[in-house]
């Protein structure tokens, strides 16, 4: 390899552009038991939710969750949960997108309290859960989303009405430019 082809170790890393915020209620739990991997599988239907873009992100998004489900797998050692989410989210004109996300969350005492319905449960800070996300849509206004990938910071929370929810801060992953 010629020395002019060498890329310095800290060059060309991807960066993140804040894109949108998702808040979605957790509408129940359906324990499926311990599966072949040794993890516990729980079906988690998603209830009402919103997806709203932040300033500067295009296309502008102001959408509501139409249907969604999370296959929540708790590792055998009970220290992490693996999320596998698929949702349909629609705008006011009834144009829909398909959102898919996979992630991992630490199972801290605060998070365990939330997902088990403890009356003492409180909303923890962000910092325990991450996801990667993709979007599919055939509607022209949302087609650009298909060429993007997203990284997410996720947390479980308690809503203003006391119901459990997932709160997700989503950033678009931008290609590295060669700059440090």
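For residue 10, the conditions (1) under 20 Å from residue 130 (Cβ atoms); (2) in contact (Cβ under 8 Å) with a residue 24 or more places away in the chain; (3) part of a loop (DSSP other than H, G, I, E, B) are fulfilled apart from (1).
Among the residues of the stretch 49-71, those that are outside any loop (DSSP other than H, G, I, E, B), modelled with pLDDT of 95 or more and surrounded by 12 or more Cβ atoms within 10 Å (Cβ to Cβ) comprise 49, 50, 51, 52, 53, 63, 64, 65, 68, 69, 70, 71.
None of 31, 14, 18 is over 19 Å from residue 165 (Cβ atoms) and either at pLDDT 95 or above or within 15 Å of the chain's Cα centre (by Cα) (or both) except 18.
Evaluation of residue 142 against the conditions (1) surrounded by 13 or more Cβ atoms within 10 Å (Cβ to Cβ); (2) within 14 Å of residue 49 (Cα to Cα) shows that the sole unmet condition is (2). Filter the stretch 80-111 for residues that are assigned to a helix (DSSP H, G or I) and loosely packed, with under 14 Cβ neighbours inside 10 Å and give the result. Hit for the stretch 80-111 is 109, nothing else. Scan the stretch 112-150 for residues that are assigned to a strand (DSSP E or B) and touching a residue at least 40 places away in the same chain (Cβ under 8 Å) and the total you get is 3.
The values are calculated or read from the model by the stated rules, or taken from the named source; none is laboratory data. What you see is a predicted model, and the numbers here were worked out from it, not measured in a lab. As a convention, Cβ positions derive from the backbone with ideal geometry for all residues, glycine included, and neighbour counts pool all protein chains shown.
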